[in-house]
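Everything below concerns the one structure shown next.
The values are calculated or read from the model by the stated rules, or taken from the named source; none is laboratory data. In this text the structure is predicted, and so the values were computed from the model without any measurement. Cβ atoms come from the backbone with ideal geometry, glycine included; neighbour counts cover every protein chain shown. These accessible areas exclude ligands, DNA and RNA; they are computed on the full protein's heavy atoms, side chains included. Shrake-Rupley method; radii C 1.70, N 1.55, O 1.52, S 1.80 Å.
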Amino acid sequence: MQQPKAIIFDLDGVLTDTSEYHYQAWKHLADDEGIAFTHEENDTYLRGVDRRNSLLYLLKGRKASEEQIQEMMERKNRYYNDLIKNMTPKEVVEGGRELLDEIRHAGIKTAIASSSKNCWTVLRAIDIAQYFDGVADGYSVTRGKPAADIFVFAAGLVSTPTSQCLGVEDADVGIEAIKAAGMQALAIGPAERFHKADKVLPSLANKRLQEMVD
Ligand code: B16
Ligand code: MG
């Protein structure tokens, strides 16, 4: 890999394990509605996917009015907020602060590209907002991952051409978005989850910059 001028991080599932809370909130909604839903489905189909498209997957072809869709999205979001409200700075991936410090000291810009509308709540709860030069979240673009838009938007926030950015993602749709944006892609998670990653690490825990770009 070439040394990037900017690193664009996904949030949920990369810098903190909120992807597990998203799963629990969707599972709660699925149980309410009597719909079968597994952890494996969450990892394969919902990671990185925006709230509305996640719900449409979960409904598995069941008919719902716009009013019912809105109500279910709000209900899932209430369940999710109940789970994240007690998050603390301890829930940053182990060694994450040191890694972000190292990246910034190397003169590399940093930004967030998260599909989540709760992105700022989580950044504040785990106290890492200060490590980023820009934050793109679920309000920044209309076309979600796998469209390139949120990564292109985040690269713009740090005034860096996408060809000089490294994107970091735990979702296969996120890796697709990074590659569509013309960036190098570092995937976080099991190798079999990803199709287009340039490099895969099982986790960002206790990693150094060099291990991300080798
Ligand atoms: P919200 P990321 C994504 O965040 C999550 O991976 C995904 O599970 C969630 O549905 C999506 O955000 C929308 O989240 O309902 O909070 O707006 O991985 O892109 O940081
Ligand atoms: Mg993610």
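Scanning segment 9-27 for residues that are more than 8 Å from ligand 1 (Cβ to nearest atom) and open to solvent by 20 Å² or more (accessible area, probe 1.4 Å) returns Asp17, Glu20, Tyr21, Gln24, Lys27.
Give the residue, chosen from Ala106, Ala64, that is free of Cβ contacts under 8 Å to residues at least 24 places away in the same chain, open to solvent by less than 60 Å² (accessible area, probe 1.4 Å) and more than 12 Å from ligand 1 (Cβ to nearest atom).
Numbers: Ala106 fails: free of Cβ contacts under 8 Å to residues at least 24 places away in the same chain.
After applying the criteria, what remains is Ala64.
No other residue among Asp127, Asp137, Asp149 is open to solvent by less than 60 Å² (accessible area, probe 1.4 Å), of a type in the set (Asp, Glu) and either within 15 Å of ligand 2 (Cβ to nearest atom) or touching a helix residue (DSSP H, G or I) at 6+ places or on another chain (Cβ under 7 Å) (or both) apart from Asp137.
Residues in segment 188-214 that are in contact (Cβ under 8 Å) with a residue 40 or more places away in the chain and open to solvent by less than 60 Å² (accessible area, probe 1.4 Å): Ile188, Gly189, Arg193, Lys199, Ser203, Leu204, Ala205, Lys207, Leu209, Met212, Val213.
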